[in-house]
Amino acid sequence: MLNDEGGFAPGGPTPGGWFSITCTDPATGDSVSQTVWIADQTAATPSPAADPYAVALQAENSMELPRPDIHVNPAQAAVVNLPTWLWVDASSWHAYSVSASIGSVSATAVAIPVSIRWSMGDGDSVTCSGPGTPFDPDMPAATQVTACSYDYSVSSAGQPSSDGDLNDGSFVVSATITWSVSWSSEGVVASGTLPTLFTSTSTRLRVEQVESLVTEQAIVRLGRRPQGQSS
């Protein structure tokens with residue numbers, strides 16, 4: 001028979017209670033008792049903890065990263081052999097984080113911008129390690145420098161145009177930001193890296209071929225000077 005024995009310290013391996021099991025030999029009347037912990041049969045089996053990497057992936061999938069806001073100079077039309085400055089808004093160039101939870105496990109994914117790949121529409125591209133430097137038309141051109149620019153070697157004449165005039169053709173320029181993503185978790189302590197993310201934007205840019213006799217006039221009109229010339 002089972003007798004609930006009071007006085008035993010609580011805290012067995014599973015929900016339940018201490019019991020004394022007494023066995024009596026009907027032939028001799030001798031009894032033997034043993035105290036054991038008996039689990040509560042109605043207690044639910046604890047669910048296994050969620051995979052922290054899967055929780056981190058869920059966080060990454062919910063991220064809404066900014067698309068690059070493209071800026072170039074000259075803004076209206078680039079010029080063959082004149083450096084075209086390239087940049088995006090620096091206000092969005094920072095880390096973004098999102099967290100997710102499943103059960104007792106929570107994870108945070110952090111995305112950091114690494115570089116921008118500029119596809120210039122003429123079959124070439126340039127990769128810049130940062131957002132680029134805005135060109136300031138109020139400052140002397142000779143005092144401004146950038147590490148992110150591109151020199152077109154051909155005009156965009158003959159490319160598709162909005163008005164159907166091939167002389168007004170333009171190149172499709174796209175900027176793609178590469179985001180490095182890392183993660184860490186609580187509940188189940190772990191960390192690591194997640195798949196790389198990308199955000200991109202495109203715009204059209206007309207590139208003019210300026211004849212040598214009017215190059216200086218064009219440069220003045222654009223507020224720029226070729227590399228190597230001072231104002």
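Going residue by residue through the range 189-199, is there one that turns out to be assigned to a strand (DSSP E or B), under 9 Å from the mean Cα position of the chain (by Cα), surrounded by fewer than 16 Cβ atoms within 10 Å (Cβ to Cβ) and free of Cβ contacts under 8 Å to residues at least 40 places away in the same chain?
There is at least one residue in the range 189-199 that is assigned to a strand (DSSP E or B), under 9 Å from the mean Cα position of the chain (by Cα), surrounded by fewer than 16 Cβ atoms within 10 Å (Cβ to Cβ) and free of Cβ contacts under 8 Å to residues at least 40 places away in the same chain.
Sort through S200, S180, S184, S191 and tell me the only one that's closer than 20 Å to V72 by Cα and among the polar types (S, T, N, Q).
Just a single option satisfies the conditions, and that option is S200.
Go through the range 103-134 and report how many residues are over 29 Å from A59 (Cα atoms) and either touching a Ser or Thr at 6+ places or on another chain (Cβ under 6 Å) or at pLDDT below 95 (or both).
Result for the range 103-134: 3.
When you check V88 against the structure, is it aliphatic (A, V, I, L, M) and either modelled with pLDDT under 95 or surrounded by fewer than 21 Cβ atoms within 10 Å (Cβ to Cβ) (or both), yes or no?
For V88, the condition - aliphatic (A, V, I, L, M) and either modelled with pLDDT under 95 or surrounded by fewer than 21 Cβ atoms within 10 Å (Cβ to Cβ) (or both) - is not met.
Considering only residues that are assigned to a strand (DSSP E or B) and of a type in the set (S, T, N, Q), look in the range 19-46 and name the one that is modelled with the lowest pLDDT.
Taking the candidates together, the pick is S20.
The values are calculated or read from the model by the stated rules, or taken from the named source; none is laboratory data. As the structure is a prediction and not an experimental result, all values here were calculated from the model. We place every Cβ from the backbone using ideal geometry, glycine too, and count neighbours over all the protein chains shown.
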